[in-house]
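Peer 1: Quick one: structure below, then a few questions.
The values are calculated or read from the model by the stated rules, or taken from the named source; none is laboratory data. These numbers come from a predicted model, not from an experiment. Methodologically, a virtual Cβ is constructed for each residue, glycine included, from the backbone with ideal geometry; neighbour enumeration extends over all protein chains shown.
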Amino acid sequence: MRSTALAMALLTTASTAAAASGATPAAIERATADVLPQVVAWRRDIHQHPELGLQEVRTSRIVAEHLRSLGMEVQTGVAGTGVVGILKGGRPGKVVALRADMDALPVTEQGDLPFKSVQKAMWNGQETGVMHACGHDTHVAMLMGAATVLAQLRAELPGTVKFIFQPAEEGPGGAEPMIAAGVLRDPQVDAIFGLHVFPYTVGHVVYRAGPLMASADEFTIEITGKQTHGAVPWGGVDPIVIGAQIVTSLQSIVSRNVNIAKAPAVVTVGKFAAGNRSNIIPDKAELVGTVRAFDNEERARIRARIEGIATEYARTAGGSAKVTWDLGYPVTVNDPALTERMVPTLQRILGPGKVSVGPLTGTAEDFSYFQQQVPGMFFFLGVTPPGQEETAAQNHSPLFFVDEAALPVGVRSLASLAVDFLGGG
Ligand code: NI
């Protein structure tokens, strides 16, 4: 009850401050309606001209030209193809950042949209189709629309808005290098917001305070034994038996070491490679696996346990093991206080029953790097026509589909979160 009362009090404060400033919810709604045809046109154009990560040259040029046309200070070529626009409001205040990712995927589009992509690119040495199969085209268009809306309210805006258009969310990652390039400084960002389209019902938003999306790390365990004849095992050290013991013991990490009261986790070995015939015990074996976690401390602990189990088992058996990591994105963690404070803004825009708490999501997001630096909130925007939720294609599918009725919801959400955050002091 206390949290509800607190949230309502903050909502009132934010709305009052915004209303006093002239950047009212009604003004945002009007400006959104005005810019909507442009948002749809941008989205279709970008959808038809998708670009893979770090190759978003055309997209970032369109973004930069638009931000400049709004009279913003614009930085281009940030961490490759990233673009940052800085909108200084007419009154002093805090700094809020809004982020969109710009990259497409090596997927050949299978739908029949009139603005379907027929782009091709080289990927892993092979020609492939390119498609905005994760909907980042809509993220770019909605943030461009929010920039238009907020630029119109500039004189009344108490603070600064940074528009961050990042490359390569699908890999190798654009958020971390943009942070290294100083995107959160000068002026220092106080909070950051971002959204992702997802096959929830259009007109709905799904959020979660605290952990939302998983970390995703890959490990390789190289086991060294000693080759011998399969009929004379005592003459060597069997890396397959060591590997089997390691695989089994790794399963004890989730069942015995992870604090499940805090967050779940997964440890999977997806590859076990060793030997080539029945009567030869080989020198080496290789295990490759993935770790998904929803808590950054648990993530570190799992990593340490995997290393301990692998090296100690191998040593005890007379062999050795080397563990190497390909660390992916950290856990996407929404700042609980910021989330609690801003959810009423989304509830006001979407209406009763349309903003709900969602489950943990096993995919990863490099928005998480921004959230390690400043309080951040990331949420899912529903883009699936009502009644099709069960059958809708998932993100990354060649049939991924976005109902454009979601676009004004996203524009209003981003613009309103910025205004209410700044107005709330
Ligand atoms: Ni995505």
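Peer 1: For the condition crowded, with 20+ Cβ neighbours inside 10 Å and either within 13 Å of the ligand (Cβ to nearest atom) or closer than 19 Å to Glu170 by Cβ (or both), what is the one hit in Phe367, Phe401, Phe379?
Peer 2: The conditions single out Phe367.
Peer 1: Does at least one position in region 327-347 carry a residue that is touching a Lys or Arg at 6+ places or on another chain (Cβ under 8 Å), hydrophobic (A, V, I, L, M, F, W, C) and closer than 15 Å to Val206 by Cα?
Peer 2: Within region 327-347, not a single residue is touching a Lys or Arg at 6+ places or on another chain (Cβ under 8 Å), hydrophobic (A, V, I, L, M, F, W, C) and closer than 15 Å to Val206 by Cα.
Peer 1: May I ask you to verify whether Asp137 is out of contact with any Leu (no Cβ under 9 Å at 6 or more places or on another chain) and closer than 25 Å to Pro37 by Cα?
Peer 2: Judged against the criteria, Asp137 is a match.
Peer 1: Right, here's the next one. Inside region 52-72, can you point out the residues that are assigned to a helix (DSSP H, G or I) and of a type outside the set (Gly, Ala, Ser)?
Peer 2: Within region 52-72, Val57, Arg58, Thr59, Arg61, Ile62, Val63, Glu65, His66, Leu67, Arg68 meet the criteria.
Peer 1: Does Gly85 fit the bill of being on the phi < 0 side of the Ramachandran plot and at pLDDT below 95?
Peer 2: No: the conditions fail for Gly85.
Peer 1: Is it the case that Ile242 is part of a strand (DSSP E or B) and more than 20 Å from the chain's Cα centre (by Cα)?
Peer 2: Judged against the criteria, Ile242 is not a match.
Peer 1: Which residue is surrounded by the fewest Cβ atoms within 10 Å (Cβ to Cβ), if the candidates are limited to region 16-31 and must be closer than 14 Å to Gly90 by Cα and modelled with pLDDT of 70 or more?
Peer 2: Only one residue tops the list, namely Gly22.
Peer 1: Looking at this structure, is Arg315 more than 27 Å from Phe367 (Cβ to Cβ), surrounded by 18 or more Cβ atoms within 10 Å (Cβ to Cβ) and charged (D, E, K, R)?
Peer 2: It is false that Arg315 is more than 27 Å from Phe367 (Cβ to Cβ), surrounded by 18 or more Cβ atoms within 10 Å (Cβ to Cβ) and charged (D, E, K, R).
Peer 1: Within the bounds of region 393-411, is there any residue that is among the hydroxyl-bearing types (Ser, Thr, Tyr) and closer than 30 Å to Pro114 by Cα?
Peer 2: yes
Peer 1: Here is a check on your reading of the model: is Ala64 more than 19 Å from Asp366 (Cβ to Cβ), of a type in the set (A, V, I, L, M) and within 16 Å of the ligand (Cβ to nearest atom)?
Peer 2: In short, no.
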